[in-house]
Amino acid sequence: MSEVKLSAETRTEFGKGAARRIRRDNKVPVVLYGHGSDPLHLTLPGHDLLLALRTPNVLISLDIDGKSNELAIPKAVQRDPLKGFLEHVDLQLVKRGEKVTVEIFVHTEGELAPGGNLLEHVLNALPVETEATHIPESVTVSVEGLEAGASILAKDIPLPSGTTLAVEEDTVVLQVLAAQAEETEGEGAGGEEAAEA
């Protein structure tokens with residue numbers, strides 16, 4: 001689990017105009033929630049925050065106005081739909097040793113049984129509960145030799161030590177679908193079209 005240190009400044013201006021001015025200065029408006037405290041409105045350096053958010057469930061160490069250090073994880077990220085820059089980010093305050101619920105990516109390895117079967121990711125990310133400073137980036141599960149109709153349940157996925165499921169054990173995460181038979185054009189179908197013309 002990587003920890004990224006960022007310098008944050010408290011902000012006193014709110015609204016669309018203020019947010020635009022913050023973004024013009026290559027910063028991002030951020031709200032820090034958690035632990036029953038009032039939400040804290042901050043600005044973070046845009047480029048540094050964008051790089052940090054490339055790591056799923058990144059742990060961010062915030063140096064707020066040079067006075068206090070807080071740990072946070074991303075909870076909601078709003079991006080511009082066309083240009084992709086960060087518009088706003090919500091962060092959740094966490095403490096070392098505290099358990100948090102996050103989603104981790106499910107990667108697969110191995111080949112399905114021969115026959116052109118398809119692997120469907122019912123859940124792309126698996127909800128888990130884990131210690132805030134030891135959030136796994138992803139889990140890997142083998143699909144080697146699985147045939148059509150097979151499925152992998154949440155309880156079948158090996159989790160790192162200290163991590164537990166935050167969904168029902170029998171939740172389907174992956175399933176193997178039978179290959180669709182290709183439709184062959186029959187003479188009857190072509191003849192009907194010709195008759196209609």
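The values are calculated or read from the model by the stated rules, or taken from the named source; none is laboratory data. This one's a predicted model, so the numbers in the text were calculated from it and none came from an experiment. Heads up, the Cβs are rebuilt from the backbone with ideal geometry, glycines too, and the neighbour counts pull from every protein chain shown. Heavy atoms of the whole protein, side chains included, go into the accessibility calculation; ligands, DNA and RNA do not. Shrake-Rupley method; radii C 1.70, N 1.55, O 1.52, S 1.80 Å.
The mean sequence distance of close C-alpha pairs (under 8 Å, at least 6 residues apart), as a share of the length of the chain, puts its relative contact order at 17 percent. Say each of Ser37 and Glu168 gets a label point 7 Å from the Cα, pointing the same way as Cα to Cβ; how far apart are those two points in nm? With each label point 7 Å from Cα toward Cβ, the separation is 3.8 nm.
Once you order the gyration tensor axes a ≥ b ≥ c over the Cα atoms, which shape class does region 7-161 get: rounded for a/c under 1.5, otherwise prolate or oblate by comparing a/b with b/c? Prolate, since a/c reaches 1.5 and a/b exceeds b/c.
What the Cβ-Cβ distance of Ser161 and Ile64 gives, at R0 = 30 Å and to the nearest 0.05, is a FRET efficiency of 0.40.
Listed by chain and number, the lysines placed with their C-alpha closer than 23 angstrom to that of Lys83 are Lys16, Lys27, Lys75; residues fewer than eight positions away on the same chain are left out. Here region 73-131 has 52 percent of its accessible surface on carbon and sulfur atoms, given a 1.4 Å probe and all protein chains in place. Where does the Debye-calculated log10 I(q)/I(0) of region 28-98 sit at q = 0.23 Å⁻¹, using only Cα point scatterers of equal weight, no solvent? Computed log10 I(q)/I(0) values: -1.09.
Where a ≥ b ≥ c are the square roots of the eigenvalues of the C-alpha gyration tensor, would you call region 97-166 rounded, which needs a/c under 1.5, or, failing that, prolate if a/b is larger than b/c, or oblate?
Prolate shape, in that a/c is at least 1.5 and a/b is the bigger ratio.
Against the chain, whose longest principal axis is taken from its Cα atoms, helix 187-196 shows a tilt of about 80°.
Which whole-number percent of Cα pairs in region 74-135 have a distance greater than 14 Å?
72 percent
Per residue, the accessible area of the chain comes to 61 Å² when a 1.4 Å probe rolls over the protein heavy atoms. With contributions of -39500 (n - 2.57) from each DSSP H run of at least four residues, the per-residue ellipticity at 222 nm computed over the chain stands at -3500 deg cm²/dmol.
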